[in-house]
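Visitor: Please see the structure below; I have some questions.
The values are calculated or read from the model by the stated rules, or taken from the named source; none is laboratory data. All figures in this text were calculated on a predicted structure; none of them were measured in a lab. Neighbour counts are summed over all protein chains in view; Cβ atoms, including those assigned to glycine, are modelled from backbone coordinates with ideal geometry. Only protein heavy atoms, including side chains, enter the accessible area calculation; ligands, DNA and RNA are left aside. Shrake-Rupley method; radii C 1.70, N 1.55, O 1.52, S 1.80 Å.
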Amino acid sequence: MFHGDSCLMTNNTTDPRPLYREALSWTTALIEKVRDDQLTASTPCADFDVHTLLGHLVATVERARVIGEGGDPGTVPLVVTDIPDDGYADAYRSAADRMWPVWTDDSRLDATVTAPWGTVPGRAAIWGYINETLVHGWDLAVATGQPSDTRPELAEAMLAVARHAIPAETRGGHVPFAHVVEPHPTAGPTERLANWSGRKSI
């Protein structure tokens, strides 16, 4: 996912775990409010409708766990499919409960791990999954008519990292992001973060 000049994530001494925890809590609250009749709705992420997006969100947390364990995230499918339609919030919480103990040791932040986008320090992997969580959370909120802004400071912190780690000039091919979308003048920081990842409202 992350590409190009990732020095901000690699050398930064910030502990991103509290921000990831907050991002997961925000997205969990969105998942809890998804109605059955919204599962087939399209989302700003062209690859996913709401149903598959929910399965992908669970997969991102499973991948974060495997990465922290020193494993290969490619062993986790892109979309988890064996979840009942009314079970995604519980599955997401359970995945997080399994993931957090792996990252309790502070040394994991500077350990070299394998992420889907390359070999990086652990803290860089967590920043990558904060981005996944917030952008896909925004996708879900837009698709299901929910408030789409997380705490502004959280989104701004992630956007500052994303601007360095996902350069606007390097999109497409092995960098799975669309071109940057020009934000609407009234866009809040969460929408601007999604715009940086190539998202626009549906």
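Visitor: Determine the calculated [θ] at 222 nm for the chain from helices alone, applying -39500 (n - 2.57) to every DSSP H run no shorter than 4 residues and normalising by the residue count; nearest 500 deg cm²/dmol.
Guide: Result for the chain: -15500 deg cm²/dmol, rounded to the nearest 500.
Visitor: Of the listed values (1) 0.95; (2) 1.15; (3) 1.04, identify the label whose number matches Cα Rg over 2.2 N^0.38 Å calculated from this model.
Guide: (1)
Visitor: Mind ranking W26, W103 by accessible surface for me, highest first, 1.4 Å probe?
Guide: The ordering from most to least exposed comes out as W26, W103.
Visitor: Could you give the accessible area per residue of the stretch 83-202, probe 1.4 Å, as a whole number in Å²?
Guide: Roughly 44 Å² per residue, with all protein chains present.
Visitor: Right, here's the next one. Out of every Cα-Cα pair in the stretch 81-201, what percent are more than 25 Å apart?
Guide: 32
Visitor: Here is a further query. Suppose every K and R has +1 on its Cβ and every D and E has -1 on its Cβ; what is the size of the dipole of the chain about the Cα centre, in Debye to the nearest 20?
Guide: Dipole magnitude for the chain comes out near 360 debye.
Visitor: In addition: Starting from the Cα gyration tensor of the stretch 31-94, take the square roots of the eigenvalues, sort them a ≥ b ≥ c, and report rounded, prolate or oblate (rounded when a/c is under 1.5, otherwise prolate if a/b is larger than b/c, else oblate).
Guide: It comes out prolate by the Cα gyration axes.
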